[in-house]
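Note sheet for the following structure.
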Amino acid sequence: MARSRTKKQKRPLAEGVVRPPRPAGRKGAGRRRAGNDRQPSPRTVRRTALLTGIFAPVLMVGLLAIATNPDYNAVGMILAVLVLIGALGGLVVVRASGWVLWPGVLLGILLIVTPVNSLRAELIDHRGTAADVVITSAHRQKDRSGRVSWTCGIRRADGLPLPHGSYDGSGCSSAASVGTTITVLVDPEGWAPPAATNAEVPFVGGVYVVGGVAALWALLVLGAARRTLREHGRT
């Protein structure tokens, strides 16, 4: 038992024989090779850049265009956020290092927030018609900051059907608004919700802002991919 526990000693070299040197840097080289293997190939970078930079913003804006209808607002917003999360993951694949992720997060948030109100305003501006509506109910809401807002139920004074009977614009400000008649802009196709005659005007032209943000996103992703491919060419 004592012999089995003793370590096996190396035999001494004969006189005049020099022990060959151990190759240096083998472990470090293996680690470097393993690190290089984790980097995506140039083909993967190109494909991911095209999907993330071009297809993702188009898909997000399309989903948010569907979300302009209150009946599909929640579904469209959730799907658009999921696409944004996937796009940010693609941006990390394209450019894992550097500060490129933070501008991507900012542009992604703008792509989520901007389109719904802008597209609704464009719809109302192009095909909205004035209609008299009667306020049938008023609901008071208070957010965490203490700000109070009101949402009113409405119906058309002429008795015609109104697809979206909820309104939160001017004229809906208190419980005293119930029973009053106001004029709003309605979508004859029934897609966009009713809007005040003056509240939506500042958002008209917001589609150009959406297009500009999408273009900046594409430039950011494609620029990051170009820099990554350039570094691949140097290695």
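Every number in this text was worked out from the coordinates using simple rules, so none of it is lab data. Here the structure is a predicted model, which means the values were calculated and not measured. Note: ideal-geometry Cβ built from the backbone for every residue, glycine included; neighbour counts use all protein chains shown.
Just a few scattered comments:
- Cβ-Cβ FRET estimate between Val58 and His232, R0 fixed at 30 Å, reported to 0.05: 0.65
- Residues in the stretch 108-128 that a label on Val207 would reach, taking backbone N under 18 Å of a point 7 Å out along Cα→Cβ: 111-128
- Label zone of Glu189 (point 7 Å out along Cα→Cβ, amide N under 19 Å): in the stretch 152-171 this covers 161-165.
- Separation of the Thr129 and Gln39 label points, Cα + 7 Å toward Cβ, nm: 6.3 nm
- Sites listed here are GluC sites (Glu not before Pro) in the stretch 128-235 whose DSSP assignment is loop and whose Cβ has at most 15 other Cβ atoms within 10 Å: Glu189.
- Coarse-grained scattering of the stretch 129-196 at q = 0.12, 0.15, 0.17 Å⁻¹, given as base-10 log I(q)/I(0) from a Debye sum over alpha-carbon atoms: -0.29, -0.44, -0.56
- Mean separation of Cα contacts under 8 Å, 6 or more apart, over the residue count of the stretch 129-186: relative contact order %: 47 percent
- The magnitude of the dipole of the stretch 123-235, with charges of +1 and -1 set on the Cβ of Lys/Arg and Asp/Glu and taken from the Cα centre, is near 720 debye.
- Packing rank of 100-112, 48-60, where each peptide gets the mean count of other beta carbons within 10 Å, highest leading: 48-60, 100-112
- Counting every other Cβ atom within 10 Å of each residue's Cβ, Val207, Val45 order from fewest to most as Val207, Val45.
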